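All remarks here apply to the structure that follows.
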């Protein structure tokens, strides 16, 4: 009688292999899907964090400058700039001749009646004077803020106009008083004013200086652009040559130029900051796409510096009030012409929009790929523009 073997070959059938392979593919696919979603979420979160940091830093700088608008400037009025000349004072240009996109912008007139007298105000709106950002149909705004330098104690120096004052050179001599008078307000830790040619805080080409003195017929004011400074030992000569990039130095002007106050006495000098914010489109280094919109900050006649990249909108409105507290305008040009810019009491940042550096991530399931963005709005009271000394005797 034959014996039957109980051993047989072990293995998987084709059906079992196919089922196992299908289950494995489902598990691996789910893992890859979860991983890709996690990476996309991480990408979105990191871009949003970067946008928030850039927006916070840029908005803090803008709001700080706006809150100082008009600080130290003659209260309740603007400062007349050179008039009666073929050249008009402009802002937004640096020492190498580069200007805000669209060219140097002229200052507003003090009145819309009669000849234009260019005037420097604490706030100068630039409604729709900027570029049209990529993806937008509306031009961006430019805003210019003016306030005095509270760090550099230039007002402690004695100011004189030596020969050949009244010419195209217009040199000014700054002499450090010895001893320093008690009326001289110095930054903490200093016993003497900083040198005029100090490499850190001193005057350099492109700086703007406000001169104020007493004229026979009243007070005199003029703003001039520094072209060079030299000297030492407490005595410094600063030149304000004609032909400066911002066209503040015009010895042939009938008013508003430094030459117009040479006969005055008790002259004081203060450095002022004329700060402009605007958008500039930087070209793509590979020549692909429209380029990168960048928020720029320019101080007086110096080279502009980038504040934040990928800022795609910058728009303002301005609230103006009369002496009785009645609202006159709340528009992008502050009602100018027709309403004095001295009546601006509140600045509204209506759109400050920043986008992510890169596109291609979905902000939520089902969304299309694209840029992430934030839009920021706020309002700032211009307290220095509305201040009036009601307690002087």
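For residue 16 and residue 309, calculate 0.36 nm times their separation in residues minus their Cα-Cα distance, and state this gained length in nm to one decimal. Walk me through the numbers before you get to the answer.
Details: separation 293, 0.36 × 293 = 105.48 nm, distance 5.76 nm.
Stretched out fully, the residue 16 to residue 309 stretch lengthens by 99.7 nm.
With contacts defined as alpha carbon pairs under 8 Å and 6 or more residues apart, what's the relative contact order of the chain in percent? Don't skip to the answer; put the middle values down first.
Numbers: 856 pairs, mean separation 72.7, N = 393.
So the answer I get is 19 percent.
Between the range 241-273 and the range 101-137, what's the alpha-carbon centroid distance in Å?
So the separation of the two Cα centres works out to 22 Å.
With just the Cα atoms defining each centre, how far is the range 305-358 from the range 153-225? Give it in Å.
Rounded to whole Å, the Cα centres lie 33 Å apart.
Is the shape of the range 143-244 rounded, prolate or oblate, going by the alpha carbon gyration tensor and its root eigenvalues a ≥ b ≥ c, with a/c under 1.5 for rounded and a/b larger than b/c for prolate?
Values: a/c = 1.31, a/b = 1.30, b/c = 1.01.
The shape class here is rounded.
Per 0.36 nm of contour for each residue apart, how much would the distance between residue 288 and residue 383 grow if the chain were fully extended, relative to their Cα-Cα spacing?
Numbers: separation 95, 0.36 × 95 = 34.20 nm, distance 4.55 nm.
Extending this stretch completely gives an extra 29.6 nm.
For residue 112 and residue 215, what is the calculated FRET efficiency with R₀ set at 41 Å and r taken between the beta-carbons, to the nearest 0.05? Intermediate results must be reported in sequence, preceding the final value.
Values: r = 27 Å, r/R0 = 0.66.
Here the calculated transfer efficiency is 0.95.
Rounded, prolate or oblate for the chain? Axes are the square roots of the Cα gyration tensor eigenvalues, ordered a ≥ b ≥ c, and the cut-off for rounded is a/c under 1.5. Display every interim value, and only then the final one.
On the way: a/c = 3.22, a/b = 2.61, b/c = 1.23.
It is prolate, given that a/c is not under 1.5 and a/b is the larger ratio.
Work out the FRET efficiency for residue 61 and residue 180 from their Cβ-Cβ distance, taking R0 = 30 Å, and round it to the nearest 0.05. Mind showing how you got there, number by number?
Details: r = 33 Å, r/R0 = 1.10.
So the FRET efficiency works out to roughly 0.35.
When a/c reaches 1.5 or more, the comparison of a/b and b/c decides; with that in mind, is the range 31-150 rounded, prolate or oblate per its Cα gyration tensor? Before the final figure, lay out each step's value.
Working: a/c = 3.54, a/b = 2.35, b/c = 1.51.
Prolate is the answer for the range 31-150, as a/c is 1.5 or above and a/b outweighs b/c.
Sum -39500 (n - 2.57) across every DSSP H segment of at least 4 residues in the chain, then divide by the residue count to get the 222 nm mean residue ellipticity, nearest 500. List each step's numbers first, then the result.
On the way: 2 runs with 58 residues, N = 393.
Using -39500 (n - 2.57) per qualifying helix, the result is -5500 deg cm²/dmol.
Which whole-number percent gives the relative contact order of the range 33-157, counting Cα pairs below 8 Å spaced six or more residues apart? Please report the intermediate quantities before stating the final value.
Values: 141 pairs, mean separation 28.0, N = 125.
Reported relative contact order: 22 percent.
Give me the angle, in degrees from 0 to 90, between the Cα long axis of helix 14-67 and the longest principal axis of the Cα atoms of the chain, rounded to the nearest 10.
For 14-67 against the chain, the angle is about 10 degrees.
Using packing as a proxy for protection, rank 241-248, 141-148 so that the peptide with the highest average count of other Cβ atoms within 10 Å comes first. Write down the numbers at each step before the final one.
Numbers: 241-248: 20.1, 141-148: 23.9.
Taking the mean over residues of other Cβ atoms within 10 Å, the ranking is 141-148, 241-248.
Every number here is computed from the coordinates shown, using simple stated rules; none is lab data. Just so we're clear, the structure is a prediction, and the values are computed from it rather than from any experiment. Note that we place each Cβ from the backbone using ideal geometry, even for glycine, and neighbour counts take in every protein chain shown.
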